[in-house]
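Engineer: What follows is a single structure, and I will ask about it in a moment.
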Amino acid sequence: MKLHIKDTFSKELPSDANTENNRRQVSEATHSYVNPKVPSQPKLIHASIEMANAIGLEEEDINSKDFLEVFSGSKIYSKTKPYAMAYAGHQFGNWAGQLGDGRAINLFEVEQDNKRWAIQLKGSGETPYSRQGDGLAVLRSSIREYLCSEAMYHLGVPTTRALSLMLSGDDVLRDVLYNGNADYEKGAIVARVAPTFIRFGNFELFAARNDIKNLKKLTDYTIKYFYPELGKPSKETYIKFFEAVTQRTLDMIIHWQRVGFVHGVMNTDNMSILGLTIDYGPYGWLEDFDFGWTPNTTDKQNKRYRFGNQPNIGLWNLLQLANALYPLIEEAEPIEAILNQYQVDFEKQSLQMMRSKLGLQVELEDDAKLIQDFEDCLLLSETDMTIAFRLLANYKKDNRDNGIEIIENAFYKPEELTEDNLMQWKVWFKAYDQRLQKDAITDSERQQKMNAVNPKYVLRNYMAQLAIDKADEGDYGLVDELFKLLKKPYDEQPEHEKWFAKRPEWARHKVGCSMLSCSS
């Protein structure tokens with residue numbers, strides 16, 4: 001197994017002088033060197049051939065002893081020094097101070113086909129940033145992360161990726177719902193891959209400590225490797241950098257809204273500087289279309305990270321990043337202009353995204369009202385978002401009387417739709433039909449376009465839970481089945497039709513299907 005190692009983060013940025021692996025405040029450093037905990041009996045459950053190829057490995061490498069040892073943390077790859085990154089963050093709107101990689105250890109960076117990949121292990125033991133945690137991960141959360149990061153990529157959502165999923169052979173004590181009922185679960189390790197794992201919180205840490213020298217070093221490094229098109233460091237370049245991060249963050253959140261994904265824990269330490277979805281914990285996909293839904297039990301009361309609030313939280317988090325970068329810019333006006341533009345761009349891009357979901361081709365002034373009225377109809381009764389949008393593509397012009405029948409399978413309780421509700425739907429389908437007449441496109445062309453943006457298959461929490469339950473019994477077949485299914489989320493895949501279905505009733509209140517905690 002040969003990799004083209006080209007470490008830059010650990011070599012070009014300041015490291016922690018203390019090499020002891022004990023919990024502490026780390027100052028004037030971007031990272032601390034720490035070796036992964038050696039697992040007692042590592043076992044490969046699944047690996048992504050696509051990501052193995054991306055970092056320069058072949059299929060036979062995946063089954064090698066080297067692969068098992070390196071990506072389980074049993075062995076350190078030659079001439080590399082694993083490390084944990086230092087960062088801070090705002091958690092649920094409150095400043096939390098130093099956080100850092102508490103259960104992730106970065107192995108090395110690989111350069112392959114002119115692309116740079118950082119590889120880190122999640123669940124590989126404690127670091128100086130583990131606080132009260134043990135630095136380990138369980139099979140449950142690891143399957144969720146492994147499947148979701150790959151599913152998101154194939155949905156077209158900017159995301160970190162996953163290379164492999166392994167059992168550690170060690171049991172890990174976890175309190176799933178933080179209610180005092182701790183129990184032992186199987187330990188697991190995911191190898192995560194991204195161009196970089198730098199977060200908003202990395203910048204916040206130095207700014208909060210007034211360590212401007214290292215703030216500048218980190219910013220210059222980030223621009224050099226990930227935003228080289230912006231040019232050499234200068235005040236203007238830092239402004240352009242903030243603008244580019246803002247645009248990427250907005251793009252990511254528009255995609256989340258498009259597919260009905262709720263991150264669940266949008267703390268600033270969980271925001272990638274590249275605008276990638278990062279840190280898959282208590283996430284979920286909307287089943288019932290509901291702007292107020294959050295999958296995270298910790299967020300149940302305030303619903304800060306609810307579906308409809310994600311764009312606002314993106315802006316709030318960007319404001320925190322702006323505050324962190326301010327010492328390098330020392331001018332509020334350009335930053336404020338960028339943040340204001342975010343709001344303008346969100347409205348514009350959100351409208352365009354919703355037009356594409358409804359199959360509207362030309363841009364007409366009344367489209368916003370048609371979209372709003374459709375969302376109002378979805379809210380009349382419990383309606384599955386993914387299924388409703390996918391079935392709507394089957395609508396044919398001049399077929400307004402059959403509109404409700406076309407999307408009927410999206411209703412959880414069709415019998416609860418009142419006469420008034422049905423009338424509201426009929427009125428909407430009439431308006432929709434009239435609007436479609438204004439587009440010079442055939443029904444089948446529109447269907448094709450709609451099916452390219454409205455997925456048929458998403459990783460619903462109950463699906464992930466079924467795979468977890470099987471894996472707990474030592475059967476990884478469902479992990480593989482879902483992995484393959486989610487590679488083609490927009491395709492019909494008739495052999496997998498059973499997964500194009502509403503959440504089953506048994507999953508409505510089941511732990512792991514509707515109730516998730518940050519340990520998920």
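The values are calculated or read from the model by the stated rules, or taken from the named source; none is laboratory data. The structure presented is a predicted model; accordingly, all values stated were derived computationally and were not measured. Here the Cβ is made from the backbone with ideal geometry for all residues, glycine too, and neighbour counts use every protein chain on show. These area figures cover heavy atoms from the full protein model, side chains too; ligands, DNA and RNA do not enter into them. Shrake-Rupley method; radii C 1.70, N 1.55, O 1.52, S 1.80 Å.
Yes/no matrix, rows are residues, columns are (1) at pLDDT below 95; (2) among the hydroxyl-bearing types (S, T, Y); (3) in contact with a Lys or Arg (Cβ under 8 Å, 6 or more places away or on another chain); (4) open to solvent by 20 Å² or more (accessible area, probe 1.4 Å):
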position	(1), (2), (3), (4)
K430	no, no, yes, yes
D433	no, no, yes, no
L436	no, no, yes, no
E445	no, no, no, yes
M450	no, no, yes, no
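Engineer: From A118, A188, grab the single residue that is assigned to a strand (DSSP E or B) and farther than 30 Å from Y221 by Cα.
Structural biologist: Going through A118, A188 in turn, the sole match is A188.
Engineer: Of the residues I239, I198, I189, which is open to solvent by less than 40 Å² (accessible area, probe 1.4 Å) and over 18 Å from A322 (Cα atoms)?
Structural biologist: I189 is the lone residue from the list that is open to solvent by less than 40 Å² (accessible area, probe 1.4 Å) and over 18 Å from A322 (Cα atoms).
Engineer: For the stretch 72-83, name all the residues that are surrounded by 14 or more Cβ atoms within 10 Å (Cβ to Cβ) and either touching a residue at least 60 places away in the same chain (Cβ under 8 Å) or of a type in the set (D, E, K, R) (or both).
Structural biologist: S72, G73, K75, Y77, T80, K81, Y83
Engineer: Do you know which residues across the stretch 425-462 are assigned to a helix (DSSP H, G or I) and among the small types (G, A, S)?
Structural biologist: Matches in the stretch 425-462: A431, S444.
Engineer: Assess whether G56 counts as being touching a strand residue (DSSP E or B) at 6+ places or on another chain (Cβ under 9 Å) and buried (at least 22 other Cβ atoms within 10 Å of the Cβ).
Structural biologist: So G56 does not fit the description; no.
Engineer: Same structure again: Which is of a type in the set (D, E, K, R), on the phi > 0 side of the Ramachandran plot and at pLDDT 95 or above, of K79, K65?
Structural biologist: K79
Engineer: Next up: For the list (1) open to solvent by less than 10 Å² (accessible area, probe 1.4 Å); (2) under 19 Å from the mean Cα position of the chain (by Cα); (3) closer than 20 Å to L319 by Cα, I need the number of the one condition that G284 fails.
Structural biologist: (3)
Engineer: Got a number for residues in the stretch 465-520 being part of a loop (DSSP other than H, G, I, E, B), farther than 25 Å from G180 by Cβ and open to solvent by 50 Å² or more (accessible area, probe 1.4 Å)?
Structural biologist: The qualifying residues number 7.
Engineer: Tell me the residue from Q257, Q310 that is open to solvent by less than 10 Å² (accessible area, probe 1.4 Å) and either part of a helix (DSSP H, G or I) or touching a residue at least 60 places away in the same chain (Cβ under 8 Å) (or both), please.
Structural biologist: Q310 is the lone residue from the list that is open to solvent by less than 10 Å² (accessible area, probe 1.4 Å) and either part of a helix (DSSP H, G or I) or touching a residue at least 60 places away in the same chain (Cβ under 8 Å) (or both).
Engineer: Run T298 past the list (1) surrounded by fewer than 22 Cβ atoms within 10 Å (Cβ to Cβ); (2) among the β-branched types (V, I, T); (3) more than 20 Å from the chain's Cα centre (by Cα) and report the number of the one that doesn't hold.
Structural biologist: Every listed condition holds for T298 apart from (3).
Engineer: Against the condition surrounded by fewer than 20 Cβ atoms within 10 Å (Cβ to Cβ), modelled with pLDDT of 95 or more and not in a helix (DSSP H, G or I), how does N210 come out, does it pass?
Structural biologist: The answer is yes for N210.
Engineer: Which numbered condition trips up E126, out of (1) open to solvent by less than 20 Å² (accessible area, probe 1.4 Å); (2) in a loop (DSSP other than H, G, I, E, B); (3) closer than 22 Å to D171 by Cα?
Structural biologist: For E126, the failing item is (1).
Engineer: Among the residues of the stretch 387-424, count how many are out of contact with any strand residue (DSSP E or B) (no Cβ under 8 Å at 6 or more places or on another chain) and not in a helix (DSSP H, G or I).
Structural biologist: Total satisfying the criteria: 9.
Engineer: Return the residues of the stretch 395-428 that are crowded, with 16+ Cβ neighbours inside 10 Å, of a type in the set (A, V, I, L, M, F, W, C) and farther than 19 Å from E505 by Cβ; say none if nothing qualifies.
Structural biologist: Within the stretch 395-428, I404, I406, I407, W425, W428 meet the criteria.
Residue-wise test of (1) under 26 Å from the mean Cα position of the chain (by Cα); (2) modelled with pLDDT of 95 or more; (3) buried (at least 21 other Cβ atoms within 10 Å of the Cβ).
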{"site": "T30", "(1), (2), (3)": "yes, yes, yes"}
{"site": "Y33", "(1), (2), (3)": "no, yes, no"}
{"site": "Q41", "(1), (2), (3)": "no, yes, no"}
{"site": "A47", "(1), (2), (3)": "yes, yes, yes"}
{"site": "V70", "(1), (2), (3)": "yes, yes, yes"}
{"site": "M85", "(1), (2), (3)": "yes, yes, yes"}
{"site": "Q91", "(1), (2), (3)": "yes, yes, no"}
{"site": "D101", "(1), (2), (3)": "yes, yes, yes"}
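Engineer: Can you tell me which of (1) out of contact with any Ser or Thr (no Cβ under 7 Å at 6 or more places or on another chain); (2) touching a residue at least 60 places away in the same chain (Cβ under 8 Å); (3) closer than 24 Å to M152 by Cβ is the one V453 doesn't meet?
Structural biologist: So V453 meets the others, but not (1).
Engineer: Please enumerate the residues belonging to the stretch 355-394 that are under 23 Å from E492 (Cα atoms), under 28 Å from the mean Cα position of the chain (by Cα) and open to solvent by 30 Å² or more (accessible area, probe 1.4 Å).
Structural biologist: Residue satisfying the conditions is S356 alone.
Engineer: May I pose another question? Which of (1) open to solvent by less than 10 Å² (accessible area, probe 1.4 Å); (2) in a loop (DSSP other than H, G, I, E, B) is the odd one out, the single condition N179 does not satisfy?
Structural biologist: Of (1) open to solvent by less than 10 Å² (accessible area, probe 1.4 Å); (2) in a loop (DSSP other than H, G, I, E, B), only one is false for N179: (1).
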